[in-house]
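Only one structure is covered here, and it is reproduced in the block below.
Read-outs: derived from the displayed coordinates by stated rules, not from any lab. Small disclaimer: the values here were computed from a predicted structure and weren't measured. Quick reminder, even Gly has a Cβ in these numbers, built from the backbone with ideal geometry, and neighbours come from all protein chains shown.
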Amino acid sequence: MKYYLKSIILLILIICISYNKAFCFTKIAIINLAKIFQIIPQKEKIFQELKKENNQEIRKIQKMKISLKNKIKKLKNKNLSKQVKQKIQKEITYQKNLLFKKIINFKINNNKREKKARNKILFFINKLINIVAEKGHYNIIIDISFISYAKNVKDITNDVIELANTQANILFTI
């Protein structure tokens, strides 16, 4: 799969270079998307909001766990009658199932929110890359993870990071 993608990119490069208007020089730049994704301040803001939303759910789940542990401790009391023990056991199994479902739903919803946040960040990064490409008059920008060797090619990663820092006050809502 990796080799097919590299060969497709190479084929696109060859076609673009040979088809360029009046055989003008094609400007190619490379970029490190992973580095940009890790460094830009907008990512931290979005994931802090996500963490705040998750804290409420985590507290609810922790309260349910504490309640369940207390009922289990109560069940270990030897002075209880069989009827009370059976009632507590039913409550414990019900709470365990409820807690299990709550945890699964939390994980699913959390994964959806994280994926949505990542997509927003990547969309924002793509806009920044387009701005830098227009300013620098680049025809092709390739992620560094697809390249095994490049010589005399401009790396615009730091330019995109600087642009993101100047737009640090932009905050996306999840």
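Summary table below
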{"item": "Counted charge near Ile30, where neighbours are those whose Cβ lies closer than 12 Å (Asp, Glu -1; Lys, Arg +1)", "result": "+1"}
{"item": "Distance in nm between pseudo-label sites at Lys45 and Phe146 (7 Å out along the Cβ direction from Cα)", "result": "2.9 nm"}
{"item": "Protection proxy ranking of 144-155, 64-75 - average other beta-carbon atoms within 10 Å, highest first", "result": "64-75, 144-155"}
{"item": "Cβ-defined net charge surrounding Asn126, 12 Å radius [Lys, Arg +1; Asp, Glu -1]", "result": "+1"}
{"item": "Only Lys, Arg (+1) and Asp, Glu (-1) charged, at Cβ; region 87-174 dipole about Cα centre in debye", "result": "920 debye"}
{"item": "Size of charge dipole - region 2-166 - debye, nearest 20, with Cβ of Lys, Arg +1 and Asp, Glu -1, no other charges", "result": "2180 debye"}
{"item": "Ile141 long-range amide H proximity, modeled H, under 5 Å", "result": "Ala29"}
